[in-house]
Amino acid sequence: RLAAAPAPTGGIAVDGTFAASGEGIEPKSVYAIGDVAAFPLKRAGGALSRMEHVAHARASAAHAAKAVLDPSSAETYDYLPYFYSRVFEHAGSERKVAWVFYGAQPEGAEVVVVGELRPKLFAAWIDPSDGTTLVGAMLESGDGEEVDVVKSAAERCPKVDVDALKKCATVEDALALVAAA
């Protein structure tokens, strides 16, 4: 029987290589990937987490396969939570709508929103424990370079001047502030 992660996370508890364990299970003989796997998320202090997204499904499968094929080089999975959606991206769409989110959305986080949906919107999740650390970021209808800024900010978790961020008149101003932090 495979070990399960406790509620509310649920799923099959795995280690940083996606190896499952449990009573009667030979070590490193069973692996679980994708949204069924509850893995230790480094950016959450190793807390078991599940990610229900195709990007994680692909990344976890590749990581587990590498661990199976070359156990001596297996490292602990280090995943930056990432979600995206693309809507109305068909020929003839008046306005293509696409958004990306990187990072965390901790309970109690302050969310600072800059811009409007036309032409674009940026939102930053600020860590409630210190009130200045950006831990998650979302961009709607940005270009590739702007998406890179959002991803970089979520990876770096910079301290930001939240009051200055709230005063930004445009998404471009907010991204410049975050990139410089």
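On the stretch given as the stretch 148-175, residues that are over 15 Å from L121 (Cβ atoms), assigned to a helix (DSSP H, G or I), open to solvent by less than 60 Å² (accessible area, probe 1.4 Å) and without any contact (Cβ under 8 Å) to a residue 60 or more places away in the chain total 4.
Counting the residues of the stretch 121-147 that are under 17 Å from Y82 (Cα atoms) and either polar (S, T, N, Q) or not in a strand (DSSP E or B) (or both) gives 7. Just one of the listed residues (V87, V111, V100) is touching a residue at least 24 places away in the same chain (Cβ under 8 Å) and hydrophobic (A, V, I, L, M, F, W, C), and it is V100. Scanning the stretch 22-42 for residues being of a type outside the set (A, V, I, L, M, F, W, C) and part of a strand (DSSP E or B) gives a total of 3. For the stretch 7-50, taking the residues that are without any contact (Cβ under 8 Å) to a residue 12 or more places away in the chain and exposed (fewer than 12 other Cβ atoms within 10 Å of the Cβ), the one that is nearest to G103 (Cα to Cα) is identified as G45.
Scanning the stretch 36-77 for residues that are among the β-branched types (V, I, T) and touching a Ser or Thr at 6+ places or on another chain (Cβ under 8 Å) turns up just one, T76.
For the stretch 131-147, the candidate set comprises residues that are acidic (D, E) and in contact (Cβ under 8 Å) with a residue 24 or more places away in the chain; within that set, the residue that is most open to solvent (accessible area, probe 1.4 Å) is E146.
The values are calculated or read from the model by the stated rules, or taken from the named source; none is laboratory data. Source: prediction; values computed, not measured. Positions of Cβ are backbone-derived with ideal geometry, glycine not excepted, and every protein chain shown enters the neighbour counts. These area figures cover heavy atoms from the full protein model, side chains too; ligands, DNA and RNA do not enter into them. Shrake-Rupley method; radii C 1.70, N 1.55, O 1.52, S 1.80 Å.
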